[in-house]
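Data first, discussion second: the structure below is written as structure tokens.
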Amino acid sequence: MRLESRVYRPTEFLFLHGRKKQKYLQKQKKFPLRTKIEYPLGYFLMKVVKKIVGCINQNCIPWKQYSDFKNILMKKIFLSLFSLAVFGLQAQTDHTSFLNAIDANAAQYGTIAQTIWGYAEMGYQETKSSALLQETLAAEGFVIEKGIAGIPTAFSATYGTDGPVIAILGEYDALPGLSQKNLPYKVDNNTRAGHGCGHHLFGTASAAAAIAVKNYLKETGKAGTVKFFGCPAEEGGSGKVYMTRAGLFDDADVALHWHPNNKNAANPGAALANKSAKFRFYGRSAHAAAAPEQGRSALDGVESMNYMVNMMREHIPSSARIHYVITRGGEAPNVVPDFAEVYYYARHDRRDVVIDIFDRIVNTAKGAALGTGTTMDFEMIGGTHELLPNDVLQELMHKSLSQIGGFDYTSKENEFAKRIAETLGKPLNMAFVNGVEPYDPNALPMGSTDVGDVSFTVPTAGMGAATWVPGTPAHSWQAVATGGTTIGNKGMLVAAKTLALTAFKLLDNPKIMDEAHAEFLEKRGADFKYIPLLGDRSPALDYRN
Ligand SMILES: [Zn+2]
């Protein structure tokens, strides 16, 4: 049978391919075949379906063999196929256009981040920083709830009322004594706070991601809710612990977060559980030379306690960490101090070990008070769980980061980075600024984070973006300096886009959230009960005073 004489039934027509189809279609002269197009498969499907729908409408030859019933049925099937093809094409472009929108607003986000960098407000004092992010999100149509969990600078910003709830965490507190200018050499004298952990970028990029997710929900009409959480006092204040304790994350399906870093990476990572407290000793003041026998030194209490803790280090797991600073030690050597205070942290990657070590630290304080004739009490300041990683979400996050990719420095930024690298004594390795670190499922725990408590409440995943020059440690003047430049702003955009893209994928395919939740329940254990490590104390709003 010659090709051109053959009349194909629509089902056969769909499966025609290659030269046969080309010849047939050319014969029909309805439309020319185009092979060099952007989406060959999608275009092909669309054209074929269009052609058939056209045939149905015109009642052309192949359809004459079919009854009206079949005609309508097939029309419906092909129309659905057609919309699927179009939808597929749209989904591809939609992610791109929503991600591009973040880039298009880069200047605005840069200004917000740098304004917060300038405020450099410490934990629970982030009044202006919190307000700026609230204004930004309110202007985008988010519903703001402020002062949540009894913390004036904590807030949530919600868009949407239905579907899965995607929580995005943002922070904005600075560190005491780390003030620095955005220059590649140390200039300040550490009298003010500074953004040594890059939380000005953290809060801003997370807000940018939340706005992108809002736009995605709005324009695609997908079911879902995005909830930005403004989380104060991450640095030692355990802000998210109070928020977790208040049940604020209970209705979230996933929580996404990120952290400034010296590389682009999205590893599961880990964090150390942490308990911190301020131990206060009370003595009796007297003239240190004329009447020392009448005095009882509170500083002696602190020093005795520290001595015992330092002895104790030999008898705890070697992976544990204990550190302290003496926050009050008297005012003048000729006055026996009647008050002294020492601020302690105890950390380990298992919270039960931390609880045990902390109890032993309390005993050293009691012993020190007894031996020095002073009295003591202590105030719990912070307490965070270790991080519960979620492989399902983390792998998705890593894929998203790999899609977004790294960025290049301009020659000016490169000059700045070289000078910073010199102060660090490290070569400037740009591999994971320009690109992304390969997935490492066994990344080691670094510090502690109150995201730990969130991760025991809702499946959680995070990533790090190269906002600092490679080799820069957190909490350093170099981190503060680079965070105040365009390098910080560029790294922040990688984070914003990665979080947004991860959220888009979750909204496209909510089944991933079910898988993440199954893993979460299994890892957490059936008999898990959330017990905050800082107990039932109210938020330590004055811990930086
Ligand atoms: Zn931090």
Could you tell me whether any residue of the range 210-222 is of a type outside the set (A, V, I, L, M, F, W, C), within 13 Å of the ligand (Cβ to nearest atom) and under 24 Å from residue 399 (Cα atoms)?
no
Filter the range 161-179 for residues that are in a loop (DSSP other than H, G, I, E, B), within 16 Å of the ligand (Cβ to nearest atom) and not hydrophobic (A, V, I, L, M, F, W, C) and give the result.
172, 173, 176, 177
Got at least one residue in the range 404-415 being under 24 Å from the mean Cα position of the chain (by Cα), closer than 16 Å to residue 268 by Cβ and away from the ligand (no atom under 16 Å from the Cβ)?
no
Looking at the range 289-298, is at least one residue away from the ligand (no atom under 16 Å from the Cβ), of a type in the set (Gly, Ala, Ser) and part of a strand (DSSP E or B)?
no
When (1) assigned to a strand (DSSP E or B); (2) within 16 Å of the ligand (Cβ to nearest atom) are applied to residue 158, the one that fails is (2)
Of the residues that make up the range 253-266, is at least one touching a residue at least 40 places away in the same chain (Cβ under 8 Å), in a strand (DSSP E or B) and among the basic types (Lys, Arg)?
no
Given the residues 286, 298, which is the only one that is more than 30 Å from residue 271 (Cβ to Cβ), more than 38 Å from the chain's Cα centre (by Cα), buried (at least 17 other Cβ atoms within 10 Å of the Cβ) and free of Cβ contacts under 8 Å to residues at least 60 places away in the same chain?
286
Specify the residue that is surrounded by the most Cβ atoms within 10 Å (Cβ to Cβ); the eligible residues are those in the range 223-247 that are within 16 Å of the ligand (Cβ to nearest atom) and within 15 Å of residue 137 (Cα to Cα).
231
Selected residue (only one of 458, 494 is surrounded by fewer than 24 Cβ atoms within 10 Å (Cβ to Cβ), touching a strand residue (DSSP E or B) at 6+ places or on another chain (Cβ under 7 Å) and not small (Gly, Ala, Ser)):
458
Out of (1) modelled with pLDDT of 95 or more; (2) in a loop (DSSP other than H, G, I, E, B); (3) crowded, with 16+ Cβ neighbours inside 10 Å; (4) not basic (Lys, Arg), the odd one out for residue 543 is which?
(1)
Could you list, in sequence order, the residues of the range 365-403 that are acidic (Asp, Glu) and within 16 Å of the chain's Cα centre (by Cα)?
386, 391, 395
Of all residues in the range 169-180 being surrounded by fewer than 24 Cβ atoms within 10 Å (Cβ to Cβ) and of a type in the set (A, V, I, L, M), which is farthest from residue 120 (Cα to Cα)?
178
Residues satisfying the stated conditions in the range 181-207, i.e. more than 13 Å from the ligand (Cβ to nearest atom) and either at positive phi or surrounded by fewer than 17 Cβ atoms within 10 Å (Cβ to Cβ) (or both)
181, 183, 185, 186, 187, 188, 189, 190, 191, 192
Within the range 470-481, restricting to residues that are touching an Asp or Glu at 6+ places or on another chain (Cβ under 9 Å) and either over 14 Å from residue 187 (Cβ atoms) or of a type in the set (A, V, I, L, M) (or both), the one that is surrounded by the fewest Cβ atoms within 10 Å (Cβ to Cβ) is 475
Taking residue 111, is it out of contact with any helix residue (DSSP H, G or I) (no Cβ under 6 Å at 6 or more places or on another chain), in a loop (DSSP other than H, G, I, E, B) and without any contact (Cβ under 8 Å) to a residue 40 or more places away in the chain?
no
Which members of the range 366-391 meet the condition of being assigned to a helix (DSSP H, G or I) and not small (Gly, Ala, Ser)?
366, 370, 372, 391
Condition check: touching a residue at least 60 places away in the same chain (Cβ under 8 Å), within 16 Å of the ligand (Cβ to nearest atom) and not in a helix (DSSP H, G or I). Does residue 465 satisfy that?
yes
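The values are calculated or read from the model by the stated rules, or taken from the named source; none is laboratory data. Since we're looking at a predicted model, the values are computed, not measured. Note that each Cβ is placed from the backbone with ideal geometry, even for glycine, and that neighbours are counted across all protein chains shown.
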